[in-house]
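The values are calculated or read from the model by the stated rules, or taken from the named source; none is laboratory data. Note that the coordinates shown come from a computational prediction; the quantities given were computed from them, not determined experimentally. Please note: Cβ atoms are built from the backbone with ideal geometry, for glycine as well, and neighbour counts cover all protein chains shown.
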Amino acid sequence: MDDLGWCPLPSCGSLATIEKDQGFGKCQHCAFIFCLDCKERHHPYKRCIINRLDLFDLISQDEKENIDHKNKLAETALNNIFFKYCAKYCPNSKCGIRIQKIQSGCTKMQCPRCYHHFCWVCLHDAKGLKHYKENPDCEIEDGRLQPEAITPQLKEKHLMEGEDYVNLKFCARCPHCNAVNEKRTRKNALDCRKCHKTFCYICNKPIKGLEHYSGKSLCHVESDFYADF
Ligand SMILES: [Zn+2]
Ligand SMILES: [Zn+2]
Ligand SMILES: [Zn+2]
Ligand SMILES: [Zn+2]
Ligand SMILES: [Zn+2]
Ligand SMILES: [Zn+2]
């Protein structure tokens, strides 16, 4: 026999059939299909709003301090990467200010302070196009440029594990041990950093292996967290 419950629509309130495993209920009178947790319209493949730690302030003072601390470390690490890989010093010895490359594509740079013209790739003087004719490796349109900003690739290469910013919006609480975990990749199966057990980021249920994502599952194995948080 199916479980029974009540339709959450205030205008209705009739008997509803509850699909516990699937996480939704269906009103027998008005046919409204609703999420068992938030009581809003059923939202397959999407995280339930009640699991959003950022919206409901569901974290303790300790957890908050821990995240603040991690974010301070992340800021230092990201600053280091930025000034090592995305910025250079003006090669004019009388100047030497730190310059961020802003025009994408072109490697012909002019210092905003001393107006010195130089090549971003080799840092030699480069006023006209002569430098690039003589040094084709420094070509003006060069795909090997330093990035203007920190790219995911730079992060992957130079950030240590867990050194990136923690965004509460993409955090979930482990249903096994209650620890706060971050979603860092497209994968929705998260291994808890504390108890090392697995749970699903979308439905927040304990899972074993990837079986959870096969068949009639209402959770995708991967999702873009900007769309499906
Ligand atoms: Zn109803
Ligand atoms: Zn919901
Ligand atoms: Zn300069
Ligand atoms: Zn050059
Ligand atoms: Zn855990
Ligand atoms: Zn799930």
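Looking at Ile81, Ile67, which one is touching a helix residue (DSSP H, G or I) at 6+ places or on another chain (Cβ under 8 Å) and either closer than 30 Å to Val121 by Cα or modelled with pLDDT under 90 (or both)?
Ile81
Taking interchain pairs and intrachain pairs at least six residues apart, which have beta carbon atoms under 8 angstrom, with the first residue in the range 150-178 and touching a residue at least 12 places away in the same chain (Cβ under 8 Å) and the second among the polar types (S, T, N, Q) and in a helix (DSSP H, G or I)?
Tyr165/Asn71; Val166/Asn71; Ala172/Asn51; Arg173/Asn51
For the range 102-130, which residues satisfy the criterion of being touching a helix residue (DSSP H, G or I) at 6+ places or on another chain (Cβ under 8 Å) and not in a loop (DSSP other than H, G, I, E, B)?
Result: Lys108, Cys119, Asp125.
For residues that are assigned to a strand (DSSP E or B) and aliphatic (A, V, I, L, M), scanning just the range 152-184, find the one that is surrounded by the most Cβ atoms within 10 Å (Cβ to Cβ).
Across the range 152-184, the extreme among qualifying residues is Ala172.
Taking Leu218 and the conditions (1) touching a helix residue (DSSP H, G or I) at 6+ places or on another chain (Cβ under 8 Å); (2) within 16 Å of ligand 2 (Cβ to nearest atom), which numbered condition does it fall short on, given that it satisfies the others?
(1)
Need the failing condition index for Glu19 against (1) more than 16 Å from ligand 6 (Cβ to nearest atom); (2) modelled with pLDDT of 90 or more, just the number.
Condition not satisfied by Glu19: (1).
For the range 194-206, name all the residues that are in a loop (DSSP other than H, G, I, E, B), in contact (Cβ under 8 Å) with a residue 24 or more places away in the chain and closer than 19 Å to Gly162 by Cβ.
Tyr201, the sole residue that qualifies.
Inspect the range 69-92 for any residue being within 16 Å of ligand 2 (Cβ to nearest atom) and farther than 25 Å from Lys155 by Cα and give the result as yes or no.
no
Filter the range 110-139 for residues that are hydrophobic (A, V, I, L, M, F, W, C) and in contact with a His (Cβ under 7 Å, 6 or more places away or on another chain); which is surrounded by the fewest Cβ atoms within 10 Å (Cβ to Cβ)?
Result: Cys138.
Considering every residue within the range 11-30, establish whether at least one is small (Gly, Ala, Ser) and touching a Gly at 6+ places or on another chain (Cβ under 7 Å).
Yes, that holds for at least one residue.
Could we say that Asn204 is away from ligand 6 (no atom under 13 Å from the Cβ) and under 15 Å from Leu53 (Cβ atoms) here?
no
If the Cβ limit is 7 Å and pairs must be 6+ apart or interchain, which residue in the range 109-134 that is without any contact (Cβ under 8 Å) to a residue 60 or more places away in the chain pairs with which residue that is of a type in the set (Ser, Thr, Tyr) and within 16 Å of ligand 6 (Cβ to nearest atom)?
Once the first residue is without any contact (Cβ under 8 Å) to a residue 60 or more places away in the chain and sits in the range 109-134, no partner that is of a type in the set (Ser, Thr, Tyr) and within 16 Å of ligand 6 (Cβ to nearest atom) comes close enough.
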